[in-house]
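The values are calculated or read from the model by the stated rules, or taken from the named source; none is laboratory data. Remember, predicted model here, so these are calculated numbers, not experimental data. Ideal geometry is used to build each Cβ from the backbone, glycine not excepted, and the neighbour counts take in all protein chains shown. Side chains are part of the model used for accessible areas, which takes the heavy atoms of the whole protein and leaves out ligands, DNA and RNA. Shrake-Rupley method; radii C 1.70, N 1.55, O 1.52, S 1.80 Å.
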Amino acid sequence: MKVLLLAGLGALFFAYYWDDNFDSASLQGARVLLTGASVGVGEELAYHYARLGSHLVLTAHTEALLQKVVGNCRKLGAPKVFYIAADMASPEVPERVVQFALDKLGSALLTLAPPRAGVSPSSIRNSAPVLEPRPYIPRPGPQALGSAPAPSGLRFLLRPVTRSRHLQVNFLSYVQLTSLALPSLTDSKGSLVVVSSLLGRVPTSFSSPYSAAKFALNSFFGSLRRELDVQDVHVAITMCVLGLRDRASAAEGVRGVTRAKAAPGPKAALAVIRGSATRASGVFYPWRFHLLCLLRGWMPQPRAWFIRQELNITTPAAA
């Protein structure tokens with residue numbers, strides 16, 4: 001019976017991920033506003049869109065890195081590429097970015113990638129300037145949970161300066177961008193593509209501030225999708241749950257902490273584009289993350305066991 005159940009679940013997942021009706025030609029001439037475009041999945045998304053012939057407006061914090069990505073996109077065949085260097089930590093910046101995109105391209109598909117941040121605590125340790133909290137991460141090698149100090153995530157969120165910047169960059173800026181772009185997206189029946197994280201669906205250790213922002217993102221856009229549907233507003237919202245990417249900084253950030261394997265950045269970005277082009281409600285890469293998210297509600301104890309296996313931490317021996 002168990003074998004038949006697992007086989008049935010496997011067949012359903014295969015059918016779900018195989019039949020996506022993706023047509024790359026549909027993105028030729030598409031107009032895309034892409035945040036977080038200087039590094040990581042945002043950079044890879046820019047390159048894929050460029051190869052597919054989309055018109056791009058790219059934004060990120062660091063202008064030098066952004067200029068490099070713009071040059072590469074032009075070499076890859078993007079018909080039009082514009083950029084605007086912007087720090088989403090400033091509340092007035094989202095309006096400037098959206099207006100710039102409307103001036104250059106008119107209505108555009110809005111792809112919200114993490115602004116100078118990855119999908120795990122690794123980004124917390126390597127971002128400059130700091131856009132994420134720096135949680136307590138035990139290293140090197142196995143350590144006893146009982147030896148950890150008070151959770152740094154709590155201290156981080158209780159400090160007004162760090163809390164304000166963290167929430168502005170990782171949650172409020174997404175809300176602002178969406179609110180400002182929604183009227184033009186409604187007119188064009190466009191799409192919102194939000195690059196989130198597994199930590200916004202399944203909480204794990206040493207990531208409480210990051211997980212809090214990602215859970216807020218998932219809840220906000222999930223509710224917004226329902227509201228738009230009730231009002232017959234044809235704006236698609238695609239939530240993307242991605243894992244650790246194969247960047248050197250990401251690997252270094254979790255070295256000795258997690259056993260999780262990194263996913264190839266270009267493949268993760270292509271999965272996002274396929275989902276957005278087909279107006280899917282969700283994208284999971286690697287695909288096993290979808291199963292883990294389902295387990296969260298069905299079987300919480302096995303889920304906790306799976307998460308624990310990813311951490312390189314031991315329980316203190318009994319006295």
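Is at least one residue of region 275-285 in contact with a His (Cβ under 8 Å, 6 or more places away or on another chain), at pLDDT 80 or above, buried (at least 22 other Cβ atoms within 10 Å of the Cβ) and assigned to a strand (DSSP E or B)?
Scanning region 275-285 turns up at least one residue that is in contact with a His (Cβ under 8 Å, 6 or more places away or on another chain), at pLDDT 80 or above, buried (at least 22 other Cβ atoms within 10 Å of the Cβ) and assigned to a strand (DSSP E or B).
Can you name the number of the only condition in (1) closer than 22 Å to LEU45 by Cα; (2) within 19 Å of the chain's Cα centre (by Cα); (3) not aromatic (Phe, Trp, Tyr) that GLY190 fails?
The failed condition is (2).
One residue is enough: does region 170-184 have a residue meeting the conditions surrounded by fewer than 24 Cβ atoms within 10 Å (Cβ to Cβ), touching a His at 6+ places or on another chain (Cβ under 9 Å) and not small (Gly, Ala, Ser)?
no
Within region 53-82, restricting attention to residues that are among the aliphatic types (A, V, I, L, M) and more than 22 Å from the chain's Cα centre (by Cα), which residue is farthest from PHE171 (Cα to Cα)?
Result: LEU76.
Considering only region 83-90, I want to know if a residue exists there that is open to solvent by 60 Å² or more (accessible area, probe 1.4 Å), of a type in the set (Phe, Trp, Tyr) and either within 19 Å of the chain's Cα centre (by Cα) or over 23 Å from ARG274 (Cα atoms) (or both).
Yes, the conditions are met somewhere in region 83-90.
Would you please name the residue that is most open to solvent (accessible area, probe 1.4 Å), looking only at residues in region 52-82 that are assigned to a loop (DSSP other than H, G, I, E, B) and not small (Gly, Ala, Ser)?
Our first condition is that a residue be assigned to a loop (DSSP other than H, G, I, E, B); within region 52-82, this holds for 52-54, 61-62, 76-80.
Next cut, not small (Gly, Ala, Ser) only: 52, 61-62, 76, 79-80.
Details: LEU52: 42, HIS61: 63, THR62: 40, LEU76: 64, PRO79: 76, LYS80: 98 Å².
Among those residues, the one meeting the criterion is LYS80.
Among the residues of region 172-197 satisfying the criterion of being outside any helix (DSSP H, G or I) and closer than 17 Å to TYR210 by Cβ, which is modelled with the lowest pLDDT? Working first, answer last.
Quick first cut of region 172-197, residues outside any helix (DSSP H, G or I) only: 189-197.
Now drop any that are not closer than 17 Å to TYR210 by Cβ, which leaves 194-197.
On the way: VAL194: 93, VAL195: 90, SER196: 88, SER197: 84.
Checking each candidate, the answer is SER197.
Which condition number in (1) modelled with pLDDT of 80 or more; (2) surrounded by fewer than 15 Cβ atoms within 10 Å (Cβ to Cβ); (3) part of a helix (DSSP H, G or I) is the one that GLN301 fails?
If we test GLN301 against (1) modelled with pLDDT of 80 or more; (2) surrounded by fewer than 15 Cβ atoms within 10 Å (Cβ to Cβ); (3) part of a helix (DSSP H, G or I), just (1) comes out false.
So, in region 83-107, how many residues would count as being among the hydrophobic types (A, V, I, L, M, F, W, C), without any contact (Cβ under 8 Å) to a residue 40 or more places away in the chain, within 19 Å of LEU172 (Cα to Cα) and not in a loop (DSSP other than H, G, I, E, B)?
1
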